[in-house]
Amino acid sequence: MNTHQKANTATGSAQEGATVRYTAKTHTSGGRRGGVSSSDDGRLDVKFSAPGVPGTGTNPEQLFAAGWSACFISAMGVVARRMKVTLPTDVAVDAEIDLCNSDDVYFLRARLNVSVPGLEREVAQVIVDATHGETCAYSNATRGNVEVTVNVVQIRSGR
């Protein structure tokens, strides 16, 4: 048992008795400068290029931002259903992932700007807070490891 498993066992982790719903499998070679990655089911097939340099590929930070955004919106739906609130169909997340370094140590910072048009700001904030604090798998995975700012933006009614 590794240290993380021991810590989770000691604190009575919510992961105890968890059911694996899906396992993503990819194969990556070459890294962020000219590398490639593909999934075992053929749905993902990407080329990488480093940010700020010529190239046609994406970079890991963009993929992370897209994955986190999609997960966050889906998790918002779970929270809204629990609250018996109808989530607008045009909910959107603009994610910004910073690749940072201090000397030779690299780390990420994130901002999630969540637009929930049509909901009162207070209701939207409760949904977003619960999503980030409890429900979103990416938010749970990054907690304590990535500095994250979550903003509710562009509320068009009920301000």
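The values are calculated or read from the model by the stated rules, or taken from the named source; none is laboratory data. Only a predicted model underlies this, so the values are computations on that prediction, with no experimental measurement involved. Heads up, the Cβs are rebuilt from the backbone with ideal geometry, glycines too, and the neighbour counts pull from every protein chain shown.
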Filter result for ALA130 (within 27 Å of THR23 (Cα to Cα), without any contact (Cβ under 8 Å) to a residue 24 or more places away in the chain and not in a loop (DSSP other than H, G, I, E, B)):
no
Hey, does the range 57-67 have a residue that's part of a loop (DSSP other than H, G, I, E, B) and either in contact with a Leu (Cβ under 9 Å, 6 or more places away or on another chain) or at pLDDT 95 or above (or both)?
yes
The range 86-113, residues that are among the acidic types (Asp, Glu) and touching a Leu at 6+ places or on another chain (Cβ under 6 Å):
none
Any residue at all in the range 101-110 that is part of a loop (DSSP other than H, G, I, E, B), in contact with a Phe, Trp or Tyr (Cβ under 8 Å, 6 or more places away or on another chain) and of a type in the set (A, V, I, L, M)?
no
Only unsatisfied item for THR149, checking (1) part of a loop (DSSP other than H, G, I, E, B); (2) within 21 Å of the chain's Cα centre (by Cα), is (1)
Restrict the check to the range 44-59 and report whether at least one residue is surrounded by 15 or more Cβ atoms within 10 Å (Cβ to Cβ), more than 18 Å from the chain's Cα centre (by Cα) and under 26 Å from VAL20 (Cα atoms).
yes
Determine which member of the set VAL105, VAL85, VAL93 is over 20 Å from GLU147 (Cβ atoms) and either over 20 Å from the mean Cα position of the chain (by Cα) or surrounded by 15 or more Cβ atoms within 10 Å (Cβ to Cβ) (or both).
VAL85
Filter the range 125-145 down to residues that are of a type in the set (Val, Ile, Thr) and under 16 Å from ALA110 (Cα atoms) and give me whichever is surrounded by the fewest Cβ atoms within 10 Å (Cβ to Cβ).
THR142
